[in-house]
Amino acid sequence: LFILGVAAVLFTAVWLLIRFGGRVSDGKSFAALAGMLIGIGVVLRLILAFTVKGYREDLSELYDAMDGMKGYYLAGGTLFPLTAAVYRVIGLLCNGFGLGIDSVWLQFFAKLPILLADCGTAVLLYLLAKRYLGGYAGVIVAGLFSLCPAFLFASVWGSVYSIMTFGMVLSAWFLVRRNYLGLCVAFALTMLTGREALFLVPVVAVFVVTAF
């Protein structure tokens, strides 16, 4: 089913390019087409956020962070500080609304930062691909990220790697625009969401060396 899902996404992307390719002639048309694909991805994520419970261990980790920061790391919590702080704020809001552990809304709010991060990542990927590879590439990259089951279900299951991915792509966006202040801030915050963000260091180093 997973392979069929990926194949369906690729088929849809090709069909859209064939169907609308002749009508796409400017930046606004490319943006509209990319926005449509990203919007479909957001709708699917919202639906699945309610209907798919998610990966038990990941959700348990999120619920623990939402429950409170005090003693979280002493109890073996593994979320990085920024991610844990975000979920603590969400936990306070959920407590204010009186949402219990069995509430489907609690499950939705636990996944909400991940869904928002995916949406932001799709937009940034479109802008990056369009900037260097053209509008068609931007639409394809945004569509594949938004609709490919590999990314779709990773967020629905409750994987916080989506938050780190957004930070890394945002850092890359600042990097290519030579906004080094934005790069430093974005990368520093990303490092507070996951150690895997270190993989971006060689890319940043090479870019800075070649730029100067």
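The values are calculated or read from the model by the stated rules, or taken from the named source; none is laboratory data. Source: prediction; values computed, not measured. With ideal geometry, Cβ positions are generated from the backbone for all residues, glycine too; neighbour counts draw on all protein chains shown. Protein only, heavy atoms only, side chains kept; ligands, DNA and RNA dropped before computing areas. Shrake-Rupley method; radii C 1.70, N 1.55, O 1.52, S 1.80 Å.
Observations on the model:
- Two-site label geometry, L44 and V201: point separation in nm, points 7 Å out along Cα→Cβ: 3.6 nm
- In Hz, Karplus ³J(HN,Hα) per residue of the range 177-186 (6.51, -1.76, 1.60; θ = phi - 60°; x = Gly, Pro): 8, 6, 9, 6, 5, x, 4, 4, 5, 5
- Karplus-derived HN-Hα couplings along the range 86-101 (A = 6.51, B = -1.76, C = 1.60, θ = phi - 60°), whole Hz, x at Gly and Pro: 4, 6, 5, 4, 4, x, 5, 5, 5, 5, x, 8, x, 7, x, 5
- Rounded to the nearest 10 Å², the accessible area of F207 at probe 1.4 Å: 50 Å²
- Surface composition of the range 88-160: carbon plus sulfur atoms hold 75% of the accessible area, using a 1.4 angstrom probe and ignoring ligands, DNA and RNA.
- Residue-by-residue Karplus 3J(HN,Hα) for the range 161-175, coefficients 6.51, -1.76, 1.60, Hz, glycine and proline x: 4, 4, 5, 5, 4, 4, x, 5, 5, 4, 4, 5, 4, 5, 5
- Highest mean first, the peptides 167-173, 149-155, 46-52, 137-143 sorted by other C-beta atoms within 10 Å per residue fall in the order 137-143, 167-173, 149-155, 46-52.
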